[in-house]
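Encoded as structure tokens, the structure appears first; notes follow it.
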Amino acid sequence: MRESGSAEDEDLITQVREGHVHAYEGLVERHQTIAFRVAWLITRSTPDAEEAAQDGFVKAYRNLDRFQSGKPFRPWLLQIVANEARNRRASEQRRERLALRAGREPALRSGPGADVAAVASEERRALLAAIGRLDERDQSIIAARFFLELSEAEAAMALGIRRGTVKSRLNRALGRLRKELERDA
Amino acid sequence: MPDLEQQLRRLGESVDYPSTPALAPRVGAELRAAATRPADRRRPTRLRLALLIAAAVLLLAAAAAAAVPATRHALLELLSLRGESVERVPALPANARARPGWRLGHPTTLAAASRRLSFTPLMPRSVGDPNGVFLDSQVPGHSLNLTYPPQAGLPRSRLTGVGLLVAELNGDLAPTSFGKLVPRGARVERFTIDGHLALWVDGLHVFFFKAADHVFHVDRSRLAANALLIQRGNVLVRLEGGFDKATAVAIARTLAP
């Protein structure tokens, strides 16, 4: 897992601070996928996630004077987006569920290797089902670190917790996930 | 069991996220629109003078109230409806100010807003159609803001910029999203309208939005005046404008889905 931050972000931020809004659009393009996915994992609603991500970017622009040059931009941005997403979390329980991308699963076929592919596919489904039985806190930390591949600092900011808490919370979540998987085995 | 963390990483690669929307042009358009907002939507100098005068009157009223023994030691009085708390305070925050258009939310249509709201919106039927519909997604269950142009009986408010501002939210989902700080100089009257609990606040006060920390922050507040709150089931409706109580009650009586 890596800490984000790049010379390109810094160049764009410098241009934005000089008044070039189009440079901010470049910054948005660089980070819109991760911002949207963080918002979606929190809200589990595509329209809410779109709004949260968009408002998060606008808020980040308006507070750019508070952003410390030289620090990585992405964790700071994701904290703002995550806050917007938490504010929008749908009141109804109807929320989109995590689904597997069908095309990424190996095609089931006959012949050598088919049984291995079938087992792998079943293991993924079982893992997803076990994650679905965890509470939201455990789901969020697992999604932040393994699905979105956020660094510890980014996960801390996105989840609104201290950096030191990320590791302990993740360990506990993995422990509970292992118990769920053993229960099904 | 194969390494769980490796399995999770592989699973992460196959999660079917919704397609990322093209946010860059939308954000750019929103920032450019904000930068080119017409001058007449910015607070005019005359309003600053009006506010200074209002603040001076407020201070005089507060001083007069403090001189009366019965009120000098008055403590905070809390009157709550589901959705907005109303607190009596000795004086308003010194840096409270008017912010026309503040926190109205995303401009939208009534049909689109209705699909997102966690309640059925109530429309005041006696004042025609709104000229602005806004959805505020920062309130649990979303809140709806409607603006109406100045018209007979609804003069333009110097604090909101419109003739009538209607705000609605689901008080069950957002019991403490909004708040009012009402100084001693402003009158608060509790009564019922057709059996529904209502509150009339007459005079300058501060309206504020309480986010997750439920704390007053001056940058989440604005000056307000003359507002009627009415609890219609789980929907809290706020009518605000430069009108008197009788006008506000008459409008409230026409609220209907």
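The values are calculated or read from the model by the stated rules, or taken from the named source; none is laboratory data. Owing to the predicted nature of the structure, the values given are computational and were not obtained by experimental measurement. With ideal geometry, Cβ positions are generated from the backbone for all residues, glycine too; neighbour counts draw on all protein chains shown. In case anyone asks, the SASA skips ligands and DNA or RNA and just uses the protein heavy atoms, side chains included. Shrake-Rupley method; radii C 1.70, N 1.55, O 1.52, S 1.80 Å.
Could we say that A:Gly56 is more than 7 Å from every other protein chain (Cβ to nearest Cβ), open to solvent by 10 Å² or more (accessible area, probe 1.4 Å) and either assigned to a helix (DSSP H, G or I) or not hydroxyl-bearing (Ser, Thr, Tyr) (or both) here? So A:Gly56 does not fit the description; no.
Scanning region A:65-78 for residues that are within 14 Å of chain B (Cβ to nearest Cβ) and modelled with pLDDT under 90 yields a single hit, A:Arg66. Scan region A:157-176 and give yes if some residue there is open to solvent by 30 Å² or more (accessible area, probe 1.4 Å), in a helix (DSSP H, G or I), among the hydroxyl-bearing types (Ser, Thr, Tyr) and in contact (Cβ under 8 Å) with a residue 60 or more places away in the chain, otherwise no. Scanning region A:157-176 turns up no residue that is open to solvent by 30 Å² or more (accessible area, probe 1.4 Å), in a helix (DSSP H, G or I), among the hydroxyl-bearing types (Ser, Thr, Tyr) and in contact (Cβ under 8 Å) with a residue 60 or more places away in the chain. Here A:Ala117 fulfils each of the conditions (1) open to solvent by less than 40 Å² (accessible area, probe 1.4 Å); (2) part of a helix (DSSP H, G or I); (3) at pLDDT 65 or above apart from (3). Restricting the first member to region B:84-99 and to residues that are open to solvent by 20 Å² or more (accessible area, probe 1.4 Å), and the second to residues that are among the small types (Gly, Ala, Ser) and modelled with pLDDT of 75 or more, the beta-carbon pairs closer than 7 Å and six or more apart or on different chains are B:Glu87/B:Gly179.
Take B:Pro140 and tell me if it is open to solvent by less than 20 Å² (accessible area, probe 1.4 Å), within 27 Å of B:Asn234 (Cβ to Cβ) and either of a type in the set (A, V, I, L, M) or not in a strand (DSSP E or B) (or both). Here the answer is no, as B:Pro140 does not meet what is asked.
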